[in-house]
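Enquirer: Handing you this structure, nothing more for now.
The values are calculated or read from the model by the stated rules, or taken from the named source; none is laboratory data. Keep in mind that this is a model prediction, so the values were computed, not measured. Every residue, glycine among them, receives a Cβ derived from its backbone with ideal geometry; neighbour counts consider all protein chains shown.
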Amino acid sequence: MKRKKLLPLLVAALCTTPVLAEDPVEQAEEAAEEMSPIVVEGTKITDVSAKYVKSADLAEGLFKNVAEISLVRRSGIANDIILRGQKKDNINVLVDGAKIYGACPNRMDPPTSHILTNNVESVEINEGPYDVENFGTLSGSVNITTRAPEPGLHGDFSINVGSWNYWKAAATLTGGSDRVRALASISHEESDQYEDGDGNTFAEQIKKFYPDSTARYKPEYEDRKAYEKQTFMGKLYFDIAENQELKLGYTANRSDDVLYPSSKMDALYDNSDLFNVDYTATDLGRWSKLLEVKYYFSKVKHPMSTYYRISSGPGSANERISKLESEIQGLRVKNVTAIDAGSEIAYGIDTSKRNWDGTYRGYGMSSGITGIKSIDDVDTKNIGLFAEYERDFDRFNLRVGGRYDDTSIEPGSGTLPDNDYNSFSAFAFGTWAFDSGMKVFGGIGRSYRVPDARELYFRSAPMMGMPARLIGNPDLDQTSNTEIDLGLENDWENLYLKAKVFYSWLGDFIFYNDSRMTEKFENMDATLYGFSLNGTWSFTEEVYLDFGLAYQRGKKDDPLSGQSGTDMPEIPPLKGNLALNWEYMPNSLARAELIASDKWSDYDGENGEQELDSWAVLNLNVRHQLTDRIVLIGGIDNVFDETYAISNTYKDLTLLLDGTGEVMLMNEPGRYFYLNASYSF
């Protein structure tokens, strides 16, 4: 087989930034028949559970494999992502089409932390406001698809060991008939504190930053584990009739004693539960080619504490706890009607209710905070109507969509005002295929997201004689994103390229203003633009190079009140991924990857960010098919033991300060060895 024919599969299965079809089922069918690239505007990573074996942290895996994604390092696990200079509620994270929100206002438990790599089949990353089915897709979405049950009887077991006493064991069993199928997956994972390139653990990084800080770990806890994590995922699929299917799913995540060294508190535990019910029916008549009904419910419990820190006093007599819970339930009904052979329309209703509640508790000298609400039982209720039309015109594909949303946000206490928001989102996206094989695509769209309960109503705990302060701003407007995207894709004999540019006008973007004593969140218009370049270059049948490059730049239209700077925060600099791959035998691959970033020369210094040095790290790994059933994967990350930091220090997060007000940077792991063995049948 010629290398040109292999390119789409390599890009889809192994590359740094692979290709994504709008319909993954269609992608698989067309790839099998034609083996040709498919027009895309996003990125898809497949077979995640088999490839991302270093740890359960999905965010870290995405960062290493997608140039457009940067990492927000909080701990050894449960890290956050930035997509095209956007994070938090500015991007939508979906697990099998369902939403889950972390409970921590300090982003210790972002949505990606509640699903683990060993349960993930694929991840689709779509940039831009081109999603009308889901509420709040402002600047992009991350769609996580978990593993599905299979007929027959199949299973796999894996064990992974690594530096700093890391180990993980996971097992999955699936089986059944064509009518009824089931899957069960369990895992356990734990690790000591990692060491940075200078050999400093979490505790030592704090000491080096601020030796006199009361946020240092107590001597008896300086060497404790960084985290323990257990998970369970269960699924039942029923074929009710030839054209009807019912899917039931449940995922449980239990994390204990997770250390967050650059924050003032650690998580005593982080528990989440996610339930999914999906019903689909096809060919119900002239007006229903496909009917989908989806209900989901998720809940997160997350208490943070100073228990392990010096600030909690002797025997933790003055311990401070911030206990938070978050839950959301939603229902989406979608119907697809075929208008003719080349066009169809999808339309439906999407509704959800999100609740966020937080309470402080203190002991001894901290007892005065007990009962004070950080987030007071806030309900965010949304109902949306959407429609999307798609048509094929010979070589041109067109998609247009619209969505109307009505949202109300109500705090439990009558002391703060309710908020109501209405919006209409819309987009148009087209793809043109030329005779030469080149494809160009582009779109324009506008979308909205409402402020969350933290941005509106969050209160700090009383400290050092100061009363509780309102950090949220109840007068915030919703944020809009008006964006233009353009791109092209081409496949030559030995070279595949995809290039994209975008320009985004952000209206009433929500920024954190550290110059204000209260109501620190503020609306301000801004612009954001950038480009990305991804591809694969094949040298021989067995040796090929894949690469990715991404750059973003953001500016506020005017400085925030009391400030003079206009640089947007959390806009990563130029980042590149480069990997040399060698298929030395069937189903076996040796890979050397270089990940590098320019320095942070443009940053929001008035709100805590600082200049970060440029960095480059080399990672090596080998996947070896030992037998038909046994696979070994081994690797070394950060081969040269570099000391570097990826995450900046925007004060939107509450991070440690030294005596001068400088914010603590958290270094990345140093040289890391790992080995994974898996058996499947």
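Enquirer: Among (1) under 25 Å from PHE275 (Cβ atoms); (2) not in a strand (DSSP E or B), which single condition is ARG224 missing?
Expert: (1)
Enquirer: Six or more apart or on different chains, Cβ atoms under 6 Å: show the pairs whose first residue is in segment 84-108 and farther than 16 Å from ALA267 by Cα and whose second is acidic (Asp, Glu).
Expert: If the second residue must be acidic (Asp, Glu), the pairs left are ARG84/GLU68; ARG84/GLU127; ASP89/ASP452.
Enquirer: When you scan segment 311-321, do you find a residue that is under 26 Å from ARG454 (Cα atoms) and in contact with a Pro (Cβ under 7 Å, 6 or more places away or on another chain), even just one?
Expert: yes
Enquirer: Considering every residue within segment 436-457, establish whether at least one is polar (S, T, N, Q), touching a Ser or Thr at 6+ places or on another chain (Cβ under 7 Å) and modelled with pLDDT of 95 or more.
Expert: Yes: one or more hits.
Enquirer: Going through LYS556, LYS520, LYS575 one at a time, which residue ends up being under 22 Å from the mean Cα position of the chain (by Cα) and among the charged types (D, E, K, R)?
Expert: Within the list LYS556, LYS520, LYS575, the selection yields LYS575.
Enquirer: Sticking with this one: Name every residue in segment 526-543 that is closer than 17 Å to GLY576 by Cα and crowded, with 22+ Cβ neighbours inside 10 Å, in order of residue number.
Expert: SER532, ASN534, GLY535, THR536, listed by residue number.
Enquirer: Within segment 310-338, how many residues are within 28 Å of the chain's Cα centre (by Cα) and either among the acidic types (Asp, Glu) or farther than 26 Å from ASP278 by Cβ (or both)?
Expert: Matching residues across segment 310-338 total 6.
Enquirer: From the residues in segment 492-514 that are in a loop (DSSP other than H, G, I, E, B) and in contact with a Ser or Thr (Cβ under 7 Å, 6 or more places away or on another chain), which one is farthest from ASP557 (Cα to Cα)?
Expert: This residue is ASN494.
Enquirer: Let me ask something else. If a residue must be farther than 17 Å from GLY348 by Cα and in contact (Cβ under 8 Å) with a residue 24 or more places away in the chain, how many such residues does segment 416-434 contain?
Expert: Taking segment 416-434 first, the residues farther than 17 Å from GLY348 by Cα are 416-422, 428-434.
Now drop any that are not in contact (Cβ under 8 Å) with a residue 24 or more places away in the chain, which leaves 416-417, 419, 421, 428-434.
The number of residues fulfilling the criteria is 11.
Enquirer: Check whether at least one residue in segment 357-370 is closer than 30 Å to ALA433 by Cα and touching a residue at least 40 places away in the same chain (Cβ under 8 Å), and report yes or no.
Expert: Within segment 357-370, the subset closer than 30 Å to ALA433 by Cα is none.
No, because not a single residue in segment 357-370 is closer than 30 Å to ALA433 by Cα and touching a residue at least 40 places away in the same chain (Cβ under 8 Å).
Enquirer: On to the next question. Just to be sure I understand the filter: pairs with C-beta atoms under 7 Å, separated by 6 or more residues or on different chains, first member in segment 144-155 and closer than 25 Å to ILE91 by Cα, second member in a loop (DSSP other than H, G, I, E, B). Which pairs pass?
Expert: What qualifies is ILE144/ILE115; THR145/ASP96; THR146/ASP96; THR146/ILE115.
Enquirer: What are the residues in segment 275-304 that are at negative phi, surrounded by fewer than 21 Cβ atoms within 10 Å (Cβ to Cβ) and of a type in the set (Gly, Ala, Ser), if any?
Expert: ALA281, SER288
Enquirer: Another question, if that's okay. How about segment 420-470: which of its residues are of a type in the set (Lys, Arg) and either closer than 30 Å to SER374 by Cβ or not in a strand (DSSP E or B) (or both)?
Expert: Those that are of a type in the set (Lys, Arg) and either closer than 30 Å to SER374 by Cβ or not in a strand (DSSP E or B) (or both): ARG449, ARG454, ARG459, ARG469.
Enquirer: Another one. Please give the number of the condition SER213 fails out of (1) surrounded by fewer than 16 Cβ atoms within 10 Å (Cβ to Cβ); (2) in contact with a helix residue (DSSP H, G or I) (Cβ under 7 Å, 6 or more places away or on another chain).
Expert: Evaluating SER213 over (1) surrounded by fewer than 16 Cβ atoms within 10 Å (Cβ to Cβ); (2) in contact with a helix residue (DSSP H, G or I) (Cβ under 7 Å, 6 or more places away or on another chain) leaves (1) as the failure.
Enquirer: Just one of ASP239, ASP196 is over 23 Å from SER305 (Cα atoms) and either in a loop (DSSP other than H, G, I, E, B) or modelled with pLDDT under 95 (or both); which is it? Can you show your working first?
Expert: Values: ASP239 fails: either in a loop (DSSP other than H, G, I, E, B) or modelled with pLDDT under 95 (or both).
Step by step, each of ASP239, ASP196 is checked, and only ASP196 is over 23 Å from SER305 (Cα atoms) and either in a loop (DSSP other than H, G, I, E, B) or modelled with pLDDT under 95 (or both).
Enquirer: Next question. Quick check on segment 494-525: of everything there that is in contact (Cβ under 8 Å) with a residue 60 or more places away in the chain and basic (Lys, Arg), which residue is surrounded by the fewest Cβ atoms within 10 Å (Cβ to Cβ)?
Expert: Selected residue: LYS500.
Enquirer: Then there's this: Which one of LEU268, LEU290, LEU274 is under 30 Å from SER343 (Cα atoms), modelled with pLDDT of 95 or more and in contact with a Ser or Thr (Cβ under 6 Å, 6 or more places away or on another chain)?
Expert: Selected residue: LEU290, the only one of LEU268, LEU290, LEU274 that is under 30 Å from SER343 (Cα atoms), modelled with pLDDT of 95 or more and in contact with a Ser or Thr (Cβ under 6 Å, 6 or more places away or on another chain).
Enquirer: Give me the pairs, please: first residue somewhere in segment 548-574 and farther than 15 Å from THR527 by Cβ, second residue anywhere and in a strand (DSSP E or B) and of a type in the set (Phe, Trp, Tyr), beta-carbon distance under 9 Å, and either six or more positions apart or on two chains.
Expert: So the pair list comes out as LEU549/PHE531; ALA550/PHE531; LEU560/PHE511; LEU560/TYR512; PRO572/TYR551; PRO573/TYR551; LEU574/TYR551.
Enquirer: Can you tell me which residue within segment 27-62, out of those that are small (Gly, Ala, Ser) and modelled with pLDDT of 80 or more, is farthest from ASN619 (Cα to Cα)?
Expert: Going through the qualifying residues, I end up with ALA59.
Enquirer: Go through segment 509-540 residue by residue and tally those that are touching a Cys at 6+ places or on another chain (Cβ under 7 Å) and not hydroxyl-bearing (Ser, Thr, Tyr).
Expert: Of the residues in segment 509-540, 0 are touching a Cys at 6+ places or on another chain (Cβ under 7 Å) and not hydroxyl-bearing (Ser, Thr, Tyr).
Enquirer: Would you say GLY487 is buried (at least 18 other Cβ atoms within 10 Å of the Cβ), at pLDDT 95 or above and more than 30 Å from LEU545 (Cα to Cα)?
Expert: When the stated conditions are applied, GLY487 does not pass them.
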